[in-house]
Structures are given as C-alpha cells and as structure tokens.
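Participant: Let me give you the structure first, and then I'll get to my questions.
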Amino acid sequence: NAGVTQTPKFRVLKTGQSMTLLCAQDMNHEYMYWYRQDPGMGLRLIHYSVGEGTTAKGEVPDGYNVSRLKKQNFLLGLESAAPSQTSVYFCASSIPGSAKNIQYFGAGTRLSVL
Amino acid sequence: EDKVVQSPLSLVVHEGDTVTLNCSYEVTNFRSLLWYKQEKKAPTFLFMLTSSGIEKKSGRLSSILDKKELFSILNITATQTGDSAVYLCAVEAPEYGNKLVFGAGTILRVKS
C-alpha cells in the first residue's frame, strides 16, 4: 500500500534553474496539497487542489505553480528557483468532509537552492 | 490570523517517563484538531479530535481537546526511545480546501 509517493527525495538546484516535484497518491483522494516545512516553523500551505483539473493558491504561493491533470497526481513547479525556496516539501492528500479530512503525507522532498 | 502554538519547543526525558505536550490555537471556524508524529520523513497521523472533553487513546498515547479554552494536550506514558520524534499539532480550517494550520512542533527525545 504505497499511499502518497513523492519524487525526487533530494535535489540541489542553482539559482534560476527550474524543476518539477511529483506527488502521486493511490488512495483515490479528491484533495491534494503542497506544503513547505522550514526550521522553527510549521508546515505552510503553498497550493492545493480539490479535484482533477482544479488548483488554487494557498498561503505562500509566490514562485510556485501546480497542475493536477490526473486525479492521482499533483505536480509542483519552480520556474526560477531562489535560495529562499530551500526547504523540505511535503505533499498530502485527503478525502473531503469534516469526519474524514485526515491528510496523509508523503515522505518529503529536500530541496537546496544554491 | 489563524495560529497554532505548541509547547514546549523541545524536551528530553528518560525511558519510562510520562510527557505532556501542549497545543493552543486561535482559528476562525474551527473544525478539528489533529496530532501527527514526524520522525525522519513523513508526518504520520495519530489522532483527530472534534469534540471537547472526549479522550482519544491509542496504546500509550492519549489526547484530549478543550474547545472552550482552545487547547489540546497529547500524553505519552511509559516513554520509549521509539517515541523520539517531532510531534505536530494542526487545526483544520475551512479555508483553502480545508487547510491544516500547523504549529512549529515539539521535539521529543527519549534517552535510554
């Protein structure tokens, strides 16, 4: 039972380079989320999706784009990486509804931007 | 602005000790409070609390919510070295697709 899978696990970029982080879930969840985690801070929501073909901005969306072309995949893109985007990125998914909105997380992608 | 504050930021205990982790929150339109355990990688779900005063329990871990005073505690009894982790508290808010607002976490280290 894979759950939520993120690739890659680690990446080092130079300032200005672009990359895409992939999140895949096999639980048929409608909602998917991208968070970033920085030292001394809680996870912060970057973008989210409430269903296939839909995306929306979270609390810290600047410098990121997302796409949800298939229900099971949620991609996070950095068009021009900056050192401030050095962080650990987590993807999560959930079933909507107050009784079941437990978010399940992937193992994270550690990104360093030099 | 929605806010979740956890305390202490870190603590070190010996195996067998009992610990209490605290989580206070200020969230508009509260729906639920969740506890996660984060070891090296993914946060893993522990508890979801929606009703005040009802204790959730799983083995040596238990948690309770006080919606009047806006806080929750997570208790761990007879701690083991495998309990060493970061414990995250999060509150569900209806904005942003039912986003979770996270606290910074409590780092727990259990020494043998």
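What follows draws every value from the coordinates through simple rules; no lab data is involved. Computed from a predicted model, the values in this text were never measured in an experiment. Backbone-built Cβ (ideal geometry, glycine too); neighbour counts: all protein chains shown.
Participant: Given N residues in the protein assembly as shown, what is Rg(Cα) / (2.2 N^0.38 Å)?
Facilitator: 1.01
Participant: On to the next question. If each of A:Leu69 and B:Arg31 carries a label point 7 Å out from its Cα toward its Cβ, how far apart are those two points in nm?
Facilitator: With each label placed 7 Å out from Cα toward Cβ, I get 2.9 nm.
Participant: Counting other beta carbons within 10 Å of each residue's own, what order do B:Val101, B:Val19 fall into, fewest first?
Facilitator: Placing the least packed residue first, the sequence is B:Val19, B:Val101.
Participant: I need the phi-derived Karplus couplings for the stretch B:19-35: 6.51 cos²θ - 1.76 cosθ + 1.60, θ = phi - 60°, integer Hz, Gly and Pro marked x.
Facilitator: Listing the rounded values in order: 10, 10, 10, 10, 9, 10, 8, 9, 9, 6, 6, 4, 10, 7, 10, 10, 10 Hz.
Participant: How much FRET efficiency would the formula 1/(1 + (r/R0)^6) give for B:Asn22 and B:Ser62, where r is the Cβ-Cβ distance and R0 is 22 Å, rounded to 0.05?
Facilitator: After rounding to 0.05, the efficiency reads 0.95.
Participant: If you don't mind, another one. Of all the Cα-Cα pairs you can form in the stretch B:3-111, what percent are over 18 Å apart?
Facilitator: When every Cα pair of the stretch B:3-111 is considered, 45 percent fall beyond 18 Å.
Participant: How far is it, in nm, from the label point at B:Glu95 to the one at A:Met41 when both lie 7 Å from their Cα along the line to the Cβ?
Facilitator: Between B:Glu95 and A:Met41, the simple spin-label model gives 1.6 nm.
Participant: Rg (Å, one decimal) plus Dmax (Å, integer) for the alpha carbons of chain A?
Facilitator: Calculated on Cα positions, Rg and Dmax stand at 13.4, 43 Å.
Participant: I need the GluC sites (Glu not before Pro) found in the stretch B:12-112, filtered to DSSP loop residues with at most 14 other beta carbons within 10 Å of theirs.
Facilitator: Taking the stretch B:12-112 and a limit of 14 other Cβ atoms within 10 Å, the loop GluC sites (Glu not before Pro) found are B:Glu15, B:Glu39, B:Glu55, B:Glu69.
Participant: Right, something else. Within the stretch A:58-89, which trypsin sites (Lys or Arg not before Pro) sit in a loop by DSSP and count at most 13 neighbouring Cβ atoms inside 10 Å?
Facilitator: Those that pass, being in a loop and sparsely packed, are A:Lys70.
Participant: Modelled label-to-label distance, B:His14 and B:Thr81, 7 Å Cα→beta-carbon offset: nm?
Facilitator: The answer from the label model is 1.6 nm.
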